[in-house]
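Chemist: Let me begin by handing over the structure; questions about it come next.
The values are calculated or read from the model by the stated rules, or taken from the named source; none is laboratory data. Computed from a prediction, not measured in an experiment: that's the story for all the values here. Note that each Cβ is placed from the backbone with ideal geometry, even for glycine, and that neighbours are counted across all protein chains shown. Ligands, DNA and RNA are stripped out before the accessible areas are found, and what is left, the full protein with its side chains, is counted by its heavy atoms. Shrake-Rupley method; radii C 1.70, N 1.55, O 1.52, S 1.80 Å.
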Amino acid sequence: MSYHRCSLKSWHTFGINVYANNIVIATSTASLFYQCQKQDYQKDEPILLLGQGSNVLFLQDFNGKVLINRIKGISIVEKTNSWLLHVGAGENWHQLVKTTLDKGLGGLENLALIPGCVGSAPIQNIGAYDLELDQVCEYVDIIFLSNGEYRRLNTIECCFGYRDSIFKHLYKDPYAVIAVGLKLKKKWRPILTYGHLRYLNSKTVTPIKIFNAVCQMRRSKLPDPRTIGNAGSFFKNPLITSSVASDLFSRYPNISQYLQKDGQVKLSAAQLIDHCLLKGHHIGGAAVYGKQAIVLINTGSASSEDVVNLARIVRQRVAEKFNVWLEPEVCFISATGITDSVKVIT
Ligand code: FAD
Ligand code: EPU
């Protein structure tokens, strides 16, 4: 299916009314590649891959073709100690979590209700409630859009980090994630270290109970993009060195600090923004969400400029108070493609 000079409003969760030259839905690797080959004849028109648009901010109209990845298919193979899943990049992530639970396979429940497609999950290494994709990911299959070359990357090659992977850095040659391989261990262990999950009984808990608790927590604090435009956490939680952290602690003993395995210290961006009394602060139609300060929302009529200006103010206020510079988690898209988000709000 292909649409010409079309609004992207319903194709991304911020709900901002921007346009693309073309929007094309690709349901197979072949059609994805065919669309890119056709592109060669209309030279220099950029291409943007999109799943469900739940982690993007369009800065303006996109002067090219948007390819919506809807490559489907879930296959499950039983191994001695695990289940191996091969999942098409266009499958919905939350539906996949539900499908695995319906089949009695635990392991993805902490990642329930994260919007988006399976193929987008490795790009920022989605995570929630102390589980990140890299803990269950076996491989990521991609094709390069210039020549159709296929490559399978194992988890080490993906260089996963906190909201980070090789896909945000090395791949300048346009590529598409076409499938993701996941491994769910038969010996299921609950992860009950985050938030209200701590109150669940580790002896009687089941994957479904965790799924329900995660959904409940998320619904209580995150806005539903179907009614309030947003892209989840707008900023990443900042990672700082232990010496910067101890200096900060001496000035602000109430600020939470989370020691990481590599010795760095993670701060809560939500808490820093909250301490700057920015909840509810708005510019035009963009606002800091009242229930979760890390989330910027579209109250109905926000322009891209409103969101950028608000993000800039939030970043500046946090830096003035805490000397910590927040970085966006959301991918910023200019007229030609993904652009440096920090530069835009500096
Ligand atoms: P999109 O927004 O469509 O794309 C994101 C980026 O990936 C873009 O740069 C796009 O060009 C690129 N891309 C997409 N598909 C492909 C492909 N097949 N090949 C190559 N490039 C591609 N994230 C978390 O990690 N944890 C959370 O708890 C979480 N909660 C959220 C809650 C809400 C309410 C919202 C709105 C978002 C939340 N997010 C969270 C962010 C978001 O859900 C994830 O980043 C998700 O993986 C994005 O999927 P998507 O399909 O919508 O990606
Ligand atoms: N807090 C405040 N003020 C607020 C909100 C929260 O002070 O307005 C405090 C809370 O009290 C808590 C701390 O901030 O002590 C952390 O809050 P929360 O548990 O809600 O998590 P978060 O850091 O805001 C991160 C992820 C989420 C993920 C949750 C659960 C990032 C950038 N965000 O949010 O991911 O779902 O943890 O694991 O890492 C996303 O990436 O889009 C996203 C929603």
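Chemist: Take Ala302 and decide whether it is more than 12 Å from ligand 2 (Cβ to nearest atom), part of a helix (DSSP H, G or I) and at pLDDT 95 or above.
Modeler: Criteria not met by Ala302.
Chemist: Oh, and also: Can you tell me which of (1) over 24 Å from His94 (Cα atoms); (2) hydroxyl-bearing (Ser, Thr, Tyr); (3) touching a residue at least 12 places away in the same chain (Cβ under 8 Å) is the one Tyr194 doesn't meet?
Modeler: Tyr194 satisfies all of (1) over 24 Å from His94 (Cα atoms); (2) hydroxyl-bearing (Ser, Thr, Tyr); (3) touching a residue at least 12 places away in the same chain (Cβ under 8 Å) except (1).
Chemist: I need the full set of residues from region 123-140 which are assigned to a loop (DSSP other than H, G, I, E, B) and within 14 Å of ligand 2 (Cβ to nearest atom), in order please.
Modeler: Across region 123-140, the qualifying residues are Ile123, Gln124, Asn125, Ile126, Tyr129, Asp130.
Chemist: Can you tell me which of Tyr171, Tyr129, Tyr139 is open to solvent by less than 50 Å² (accessible area, probe 1.4 Å) and within 17 Å of Gly51 (Cβ to Cβ)?
Modeler: Sole residue among the options that is open to solvent by less than 50 Å² (accessible area, probe 1.4 Å) and within 17 Å of Gly51 (Cβ to Cβ): Tyr171.
Chemist: Now, a different point. Among the residues of region 272-291, what is the count of those that are within 16 Å of ligand 1 (Cβ to nearest atom) and either of a type in the set (Val, Ile, Thr) or open to solvent by less than 40 Å² (accessible area, probe 1.4 Å) (or both)?
Modeler: So the count comes out to 4.
Chemist: Looking for whichever is crowded, with 21+ Cβ neighbours inside 10 Å, touching a residue at least 12 places away in the same chain (Cβ under 8 Å) and either among the hydroxyl-bearing types (Ser, Thr, Tyr) or in contact with a strand residue (DSSP E or B) (Cβ under 7 Å, 6 or more places away or on another chain) (or both) here; the options are Ala302, Ala335. Which one fits?
Modeler: Of the residues listed, the single one that is crowded, with 21+ Cβ neighbours inside 10 Å, touching a residue at least 12 places away in the same chain (Cβ under 8 Å) and either among the hydroxyl-bearing types (Ser, Thr, Tyr) or in contact with a strand residue (DSSP E or B) (Cβ under 7 Å, 6 or more places away or on another chain) (or both) is Ala302.
Chemist: Select from region 107-122 the residues that are assigned to a loop (DSSP other than H, G, I, E, B) and either open to solvent by 10 Å² or more (accessible area, probe 1.4 Å) or among the hydroxyl-bearing types (Ser, Thr, Tyr) (or both) and write down the one among them that is farthest from Gly51 (Cα to Cα).
Modeler: Gly107
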